[in-house]
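Worksheet for the structure shown next.
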Amino acid sequence: MLDHKDLEAEIHPLKNEERKSQENLGNPSKNEDNVKSAPPQSRLSRCRAAAFFLSLFLCLFVVFVVSFVIPCPDRPASQRMWRIDYSAAVIYDFLAVDDINGDRIQDVLFLYKNTNSSNNFSRSCVDEGFSSPCTFAAAVSGANGSTLWERPVAQDVALVECAVPQPRGSEAPSACILVGRPSSFIAVNLFTGETLWNHSSSFSGNASILSPLLQVPDVDGDGAPDLLVLTQEREEVSGHLYSGSTGHQIGLRGSLGVDGESGFLLHVTRTASSLCGCSVKGLYEKVTGSGGPFKSDPHWESMLNATTRRMLSHSSGAVRYLMHVPGNAGADVLLVGSEAFVLLDGQELTPRWTPKAAHVLRKPIFGRYKPDTLAVAVENGTGTDRQILFLDLGTGAVLCSLALPSLPGGPLSASLPTADHRSAFFFWGLHELGSTSETETGEARHSLYMFHPTLPRVLLELANVSTHIVAFDAVLFEPSRHAAYILLTGPADSEAPGLVSVIKHKVRDLVPSSRVVRLGEGGPDSDQAIRDRFSRLRYQSEA
């Protein structure tokens with residue numbers, strides 16, 4: 001049982017504290033004893049408070065120094081548009097991008113043929129042992145179009161492949177591999193343009209060099225992918241293996257036993273047995289006389305003809321394009337024939353969906369029509385009655401169809417991933433849809449149209465060009481920002497030099513002055529509202 005004082009203390013705690021305080025005042029000796037016997041926790045609390053305020057002061061000091069004393073690195077100013085012109089030149093259908101000068105902005109690589117280089121560089125064809133004119137390789141800044149490096153590389157170029165991987169752990173720089181005419185095989189440093197190696201090729205003088213230059217798994221054991229060059233002489237197609245790190249030929253020439261009517265694609269299975277119309281393992285055995293570092297895949301071996309060692313074709317008509325679906329090794333293959341196209345399982349080579357009859361005008365492009373769902377855009381039909389078909393790669397179902405007439409010889413299409421997990425698509429077509437528009441000089445005009453799946457019945461005409469377009473691409477010059485297109489224009493006849501131009505335009509700057517083209521019943525949005533929606537698009541880098 002509680003006594004009277006304890007009960008009163010529970011009921012009136014404040015009054016009890018007041019009574020204790022008065023008692024302490026009335027008994028100073030007792031108060032001093034309490035101070036002397038104060039627990040060490042109070043002194044520790046004061047130390048903690050001092051440490052807290054000292055840490056806070058140090059943090060504020062560091063923030064001040066970083067914000068106002070230490071200068072921030074200058075972000076390179078990227079021009080919205082630039083243009084480079086070369087007179088009396090010929091441009092090649094080659095365009096590549098990479099960050100060459102380390103400013104985190106993609107730079108542009110291209111090839112052109114001329115008598116001399118631009119005014120900024122003094123190397124000439126004669127300086128490199130070539131007759132004039134010869135082929136120059138050039139790298140220009142994606143920020144402002146200034147020349148980073150430029151040099152003669154060959155008398156003429158048949159094939160080029162950039163960013164070829166180097167051996168694991170090697171400090172060797174990334175390279176561009178060029179197969180030149182009449183008989184050169186050269187690698188140049190992607191970042192400086194200097195020659196890494198240069199060899200004479202073993203191709204016959206009457207042989208035609210076939211596209212593309214293929215990378216094969218490492219066969220010489222140096223850790224770097226090697227190179228396969230295909231040539232055709234009369235009806236025979238042959239393969240030539242070269243080391244990707246030194247350029248030396250591996251073995252001798254080997255016949256593939258196929259004709260040159262088909263497309264070529266290197267396809268790697270999960271067991272690392274590589275096939276391209278026929279087994280690369282078999283080709284290696286032909287050119288070297290040994291088995292090499294390949295593993296056999298019994299399933300794939302059973303699919304090869306026992307006599308010809310050729311793979312069975314699933315194409316309806318001549319093969320026009322063979323394309324890897326983006327993904328890892330062993331991914332699916334899109335087979336585009338002259339009469340139909342189909343997606344093949346990467347391991348079984350069996351159709352994943354029913355082949356689609358089509359007259360494919362140009363090489364298809366991949367993108368995302370639905371969020372995070374891969375689709376393929378196929379240009380079906382002839383130029384004047386062309387349709388753009390968007391197909392779901394998983395099912396083959398048609399997601400959308402756009403009527404977009406085009407001119408013969410138009411450039412390839414392109415796509416860029418957007419922040420909403422879809423893609424923006426870029427197509428070339430007639431300047432005035434439904435007519436064959438020509439300029440006052442009688443030249444046909446190509447127009448660049450932009451399409452986004454969130455506006456399925458609308459196209460945006462960004463620009464129109466009357467000169468001959470040799471190459472085009474849409475590029476994300478900076479991560480998650482600054483989408484632009486690159487255009488190479490020049491003479492249509494490679495034997496008639498003329499004005500060559502390399503042009504960059506930022507996409508977003510073209511939207512305000514663009515023309516809105518409605519393909520069906522007009523929606524409630526005005527033209528300006530549609531332009532605003534395209535202006536608000538944000539782009540993202542590929543994963």
Of the residues in segment 372-387, those that are within 13 Å of Leu430 (Cβ to Cβ) and either in a strand (DSSP E or B) or touching a Gly at 6+ places or on another chain (Cβ under 8 Å) (or both) number 2
So, in segment 480-506, how many residues would count as being within 25 Å of Tyr86 (Cβ to Cβ), out of contact with any His (no Cβ under 8 Å at 6 or more places or on another chain) and open to solvent by less than 10 Å² (accessible area, probe 1.4 Å)? 6
Are there any strands (runs of 3 or more DSSP E) wholly within segment 112-169 with 2 or more residues that are at pLDDT 90 or above, more than 17 Å from Leu196 (Cα to Cα) and open to solvent by less than 20 Å² (accessible area, probe 1.4 Å), and if so which? 134-140
Residue pairs, Cβ under 6 Å, 6 or more apart or interchain, first in segment 125-147 and touching a residue at least 60 places away in the same chain (Cβ under 8 Å), second in a loop (DSSP other than H, G, I, E, B) and open to solvent by less than 10 Å² (accessible area, probe 1.4 Å). List them. Gly142/Ile105; Ala143/Ile105
Note on segment 474-516: residues over 24 Å from Val90 (Cβ atoms) and touching an Asp or Glu at 6+ places or on another chain (Cβ under 7 Å) are Ser514, Arg515, Val516
Residue pairs meeting the criteria (Cβ under 7 Å; at least 6 apart or on separate chains; first at negative phi and β-branched (Val, Ile, Thr), in segment 240-260; second at pLDDT 80 or above and open to solvent by less than 10 Å² (accessible area, probe 1.4 Å)): Ile250/Asp226; Ile250/Leu241; Ile250/Tyr242; Ile250/Ser243
For Pro351, the lone unmet condition from (1) surrounded by fewer than 19 Cβ atoms within 10 Å (Cβ to Cβ); (2) touching a residue at least 40 places away in the same chain (Cβ under 8 Å) is (2)
Complete set of residues in segment 394-421 that are modelled with pLDDT of 90 or more and within 22 Å of the chain's Cα centre (by Cα): Leu412, Ser413, Ala414, Ser415, Leu416, Pro417, Thr418, Ala419, Asp420, His421
For segment 198-238, which positions are open to solvent by less than 60 Å² (accessible area, probe 1.4 Å), in a strand (DSSP E or B) and closer than 24 Å to Val188 by Cβ? His199, Ile209, Leu214, Gln215, Val216, Asp226, Leu227, Leu228, Val229, Leu230, Thr231
From Ile503, Ile530, which residue is of a type outside the set (Gly, Ala, Ser) and under 27 Å from the mean Cα position of the chain (by Cα)? Ile503
Return the pairs, sorted by first residue and then second, in which the second residue is assigned to a helix (DSSP H, G or I) and hydrophobic (A, V, I, L, M, F, W, C), the first residue lies in segment 528-541 and is open to solvent by less than 60 Å² (accessible area, probe 1.4 Å), the beta carbons are less than 9 Å apart, and the residues are 6+ apart or on different chains. Phe534/Val507; Leu537/Val507; Tyr539/Val507
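Take Gly346 and tell me if it is without any contact (Cβ under 8 Å) to a residue 40 or more places away in the chain and either buried (at least 18 other Cβ atoms within 10 Å of the Cβ) or not in a strand (DSSP E or B) (or both).
no
State all residues of segment 384-401 that are of a type in the set (S, T, N, Q) and in contact with a Phe, Trp or Tyr (Cβ under 9 Å, 6 or more places away or on another chain); if no residue qualifies, say none.
Thr395, Ser401
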Does Pro512 count as in contact with a helix residue (DSSP H, G or I) (Cβ under 8 Å, 6 or more places away or on another chain), open to solvent by 70 Å² or more (accessible area, probe 1.4 Å), farther than 30 Å from Ser132 by Cα and not charged (D, E, K, R)? yes
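Assess whether Ala424 counts as being at pLDDT 95 or above and within 17 Å of Tyr539 (Cα to Cα).
Against the criterion (at pLDDT 95 or above and within 17 Å of Tyr539 (Cα to Cα)), Ala424 qualifies.
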Considering (1) modelled with pLDDT of 85 or more; (2) open to solvent by 30 Å² or more (accessible area, probe 1.4 Å); (3) over 20 Å from Val507 (Cβ atoms), say which one Arg362 fails and leave the rest. (2)
Exactly one of Tyr321, Tyr369 is farther than 27 Å from Thr454 by Cα, modelled with pLDDT of 65 or more, of a type in the set (Phe, Trp, Tyr) and assigned to a strand (DSSP E or B), and that residue is Tyr321
Test result for Phe390, open to solvent by less than 30 Å² (accessible area, probe 1.4 Å) and not in a loop (DSSP other than H, G, I, E, B): yes
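The values are calculated or read from the model by the stated rules, or taken from the named source; none is laboratory data. Predicted, not measured: the structure shown is a model, and the values here were computed from it. Here the Cβ is made from the backbone with ideal geometry for all residues, glycine too, and neighbour counts use every protein chain on show. Surface accessibility is based on the protein's heavy atoms, side chains included, excluding ligands, DNA and RNA. Shrake-Rupley method; radii C 1.70, N 1.55, O 1.52, S 1.80 Å.
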